[in-house]
């Protein structure tokens, strides 16, 4: 790639306290150093002055559901009384929220908050009712009936073990809220949100993957673009800015249709995202032009479609066979590249929303439950507000599918929980209406509630459809290939693994394991129906799985089935004769050798390799001896059919695959 001269960009960050609303300080050291959003407080013009040093600081960890564990400045009995005073005075303080937790040994004591010369308020921290629950960070709100003004002071009197203080949030007349005082990158849920010259970040449309697309660099990216760590909000509606991931979006026209260009103007004078793989490669790079007359055509022009509440299908309009930008979790290191089909992890777009300034406004993310098989659930979102004089009324336009935790929110904003309880499958939508005086905001509430499906139904879906399977049982497994079946059929789970951790979802799976909650995108891969799992599934009690008896002949309708063939003759390493018909074979299960030239009982997995039925030999039994592999103990639990239901039979009882007992 051609080298360019580098442009240096400076971003002016205004002090957060200039705007009205809410200010949240996050503590970063035992001396009460802090930051507001991404802005580090200097302790002189903003931040906190340490009155007494604490014992230690812990950054904590974030769970998959967004909850925070053990984060904050630790005040132990040895540092009891530790705390700080704000550099700035705050006017008309209405609320102070402390985010805190206890240590694993149930820290106890009292947290104090004082505004100016007013009497301090206190919170008594006791032993948690549930063992271990104290390490989860949670909020405690100090409310002032009459607004108070002055510098804010807090301290912790610890009487047992430790109490951690993570953040302090101040609602005041001169507070700042990150939504208003700094630029944010918000998820694009509709093409109409995109404008020419938008700054955008390409992220991953998967709640388990916290990566974003970096910029092209010859030494680091090679033929594609490397992934870098991204910090997403718990609901994935926002991602933190990162200068190594920002592109400028240009909107143009080709043959009367709108097209999009991704320009890397932060690092190079002229550089555009292109698909440069030709007819054989999955390449994604940047180049000086968007059009190549001889080979690639319009390889710098893109079509964008938004699906599933934010999934971005970004398709190149050039001549390369690989056109669709996706995240490859299976590559090491993980990367972003172009692919001919939607076979990898989908991406999404985040656009920069400039700071709103000193205006009356309500800001709320859309509530997207996505596609789920759950009949009930809830999602909590943060409602932010600025310069309002009345509290916020909250309602739903229809109100037939969702319920709200409150009908009124504080005029400076608050959290709101949206819940559903829907036994029937279907697409559910509503509109959340937030109003304060003449200020009104409307946001969408989305849910696609589906029922789990049988394998026979799953294999009839369109390619790349997201499906949820009924309970299935593993018949055989090798490497990343997990063969499963239910009452209606068989299919393959192609286990690419978790793009965040690199661990395969089925790393510990073995034949006979019931799998509950298999979710993934379906694809018919040259005749083999398969799902690439996108979430961790549960594994039930292991059982003995018997093969099915093969019919008179084997064809593509038997693909992925685990069969036993009587009187099968293996002719050599590449073929087998059964009922007078010859079939291709493959030693995918790595047997040391085949029994050839004589009739045997052969146990096989049926595959369909590019228009050819191929039998993967699992084991063989000669009729004069026992099996050379694949022993099946009769005393083990086994899978049986009863009244049309697949059950696990033990010596005592029947069980469902989920573990529920059914009496004999």
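The values are calculated or read from the model by the stated rules, or taken from the named source; none is laboratory data. All figures in this text were calculated on a predicted structure; none of them were measured in a lab. Virtual Cβ from ideal backbone geometry, glycine too; neighbours counted across all protein chains shown.
Given 429, 389, 375, 315, which one is out of contact with any helix residue (DSSP H, G or I) (no Cβ under 8 Å at 6 or more places or on another chain) and under 30 Å from residue 144 (Cα atoms)? Lay out the reasoning, then the answer.
Details: 429 fails: under 30 Å from residue 144 (Cα atoms); 375 fails: under 30 Å from residue 144 (Cα atoms); 315 fails: under 30 Å from residue 144 (Cα atoms).
The unique qualifying residue is 389.
Any idea which residue in the stretch 34-43 is nearest to residue 167 (Cα to Cα), counting only those that are part of a loop (DSSP other than H, G, I, E, B) and out of contact with any strand residue (DSSP E or B) (no Cβ under 7 Å at 6 or more places or on another chain)?
Taking the stretch 34-43 as the starting set, the residues that turn out to be part of a loop (DSSP other than H, G, I, E, B) are 37-38, 41-43.
Checking which are out of contact with any strand residue (DSSP E or B) (no Cβ under 7 Å at 6 or more places or on another chain) leaves us with 37-38, 42.
Values: 37: 11, 38: 14, 42: 16 Å.
Selected residue: 37.
Quick check, is residue 289 part of a strand (DSSP E or B), free of Cβ contacts under 8 Å to residues at least 24 places away in the same chain and either in the same structural domain as residue 427 (by TED's automatic domain parsing) or surrounded by fewer than 19 Cβ atoms within 10 Å (Cβ to Cβ) (or both)?
On the way: part of a strand (DSSP E or B): no; free of Cβ contacts under 8 Å to residues at least 24 places away in the same chain: yes; either in the same structural domain as residue 427 (by TED's automatic domain parsing) or surrounded by fewer than 19 Cβ atoms within 10 Å (Cβ to Cβ) (or both): yes.
Considered against the rule, which asks whether it is part of a strand (DSSP E or B), free of Cβ contacts under 8 Å to residues at least 24 places away in the same chain and either in the same structural domain as residue 427 (by TED's automatic domain parsing) or surrounded by fewer than 19 Cβ atoms within 10 Å (Cβ to Cβ) (or both), residue 289 comes out as no.
Does the stretch 391-403 contain any residue that is closer than 26 Å to residue 232 by Cα, touching a residue at least 60 places away in the same chain (Cβ under 8 Å) and crowded, with 16+ Cβ neighbours inside 10 Å? For the stretch 391-403, residues closer than 26 Å to residue 232 by Cα, touching a residue at least 60 places away in the same chain (Cβ under 8 Å) and crowded, with 16+ Cβ neighbours inside 10 Å: absent. Of the residues making up the stretch 410-437, those that are part of a loop (DSSP other than H, G, I, E, B) and either at pLDDT 95 or above or surrounded by 15 or more Cβ atoms within 10 Å (Cβ to Cβ) (or both) are 410, 411, 412, 422. Of the residues making up the stretch 9-20, not a single one is modelled with pLDDT of 50 or more, under 22 Å from residue 171 (Cα atoms), assigned by TED's automatic domain parsing to the domain that holds residue 75 and in contact with a helix residue (DSSP H, G or I) (Cβ under 9 Å, 6 or more places away or on another chain). All conditions in (1) within 30 Å of residue 564 (Cα to Cα); (2) in contact (Cβ under 8 Å) with a residue 40 or more places away in the chain hold for residue 453, with the sole exception of (2). All conditions but one from (1) surrounded by fewer than 17 Cβ atoms within 10 Å (Cβ to Cβ); (2) on the phi > 0 side of the Ramachandran plot apply to residue 279; the one that does not is (2).
Residues of the stretch 215-245 that are under 20 Å from residue 284 (Cβ atoms), surrounded by fewer than 21 Cβ atoms within 10 Å (Cβ to Cβ) and free of Cβ contacts under 8 Å to residues at least 60 places away in the same chain: 217, 219, 220, 222, 228, 229, 242, 244. What is the number of the single condition among (1) more than 26 Å from residue 444 (Cα to Cα); (2) at pLDDT below 85 that residue 341 does not meet? For residue 341, the failing item is (2). Of everything listed in (1) surrounded by fewer than 17 Cβ atoms within 10 Å (Cβ to Cβ); (2) at pLDDT 95 or above; (3) closer than 19 Å to residue 23 by Cα, the single unmet condition for residue 89 is (2).
Checked against (1) more than 24 Å from residue 269 (Cβ to Cβ); (2) modelled with pLDDT of 90 or more; (3) part of a loop (DSSP other than H, G, I, E, B), residue 295 passes all but condition (1).
Would you pick out the residues in the stretch 488-513 that are part of a loop (DSSP other than H, G, I, E, B) and farther than 26 Å from residue 334 by Cβ? Please lay out each step first, then the result.
Of the stretch 488-513, the ones part of a loop (DSSP other than H, G, I, E, B) are 488-489, 495-513.
Matches in the stretch 488-513: 488, 489, 510, 511, 512, 513.
If you check 542, 587 for being closer than 18 Å to residue 477 by Cβ, loosely packed, with under 14 Cβ neighbours inside 10 Å and at pLDDT below 95, only one passes: 587. Taking the conditions (1) exposed (fewer than 14 other Cβ atoms within 10 Å of the Cβ); (2) not in a loop (DSSP other than H, G, I, E, B) in turn, residue 163 satisfies each one other than (1).
Any residue at all in the stretch 379-386 that is in a loop (DSSP other than H, G, I, E, B) and under 28 Å from the mean Cα position of the chain (by Cα)? Checked against the condition, which is being in a loop (DSSP other than H, G, I, E, B) and under 28 Å from the mean Cα position of the chain (by Cα), the stretch 379-386 yields no hits at all.
Condition first: in a loop (DSSP other than H, G, I, E, B) and crowded, with 17+ Cβ neighbours inside 10 Å. Now tell me which residues in the stretch 246-263 satisfy that.
Residues of the stretch 246-263 in a loop (DSSP other than H, G, I, E, B): 246, 255-256.
Residue satisfying the conditions is 246 alone.
With respect to the conditions (1) closer than 20 Å to residue 191 by Cβ; (2) surrounded by fewer than 19 Cβ atoms within 10 Å (Cβ to Cβ); (3) in contact (Cβ under 8 Å) with a residue 24 or more places away in the chain, residue 316 falls short on a single one, namely (2). Any residue in the stretch 103-116 that is surrounded by fewer than 18 Cβ atoms within 10 Å (Cβ to Cβ), touching a residue at least 24 places away in the same chain (Cβ under 8 Å) and closer than 30 Å to residue 387 by Cβ? The answer is yes; a qualifying residue exists.
Of all residues in the stretch 103-138, those being under 28 Å from the mean Cα position of the chain (by Cα) and in a strand (DSSP E or B) number 2.
Inspect the stretch 400-409 for any residue being at pLDDT below 90 and either closer than 30 Å to residue 519 by Cβ or part of a loop (DSSP other than H, G, I, E, B) (or both) and give the result as yes or no. Show your work before the answer.
Keep residues of the stretch 400-409 that are at pLDDT below 90, which gives none.
Checked the stretch 400-409: no residue is at pLDDT below 90 and either closer than 30 Å to residue 519 by Cβ or part of a loop (DSSP other than H, G, I, E, B) (or both).
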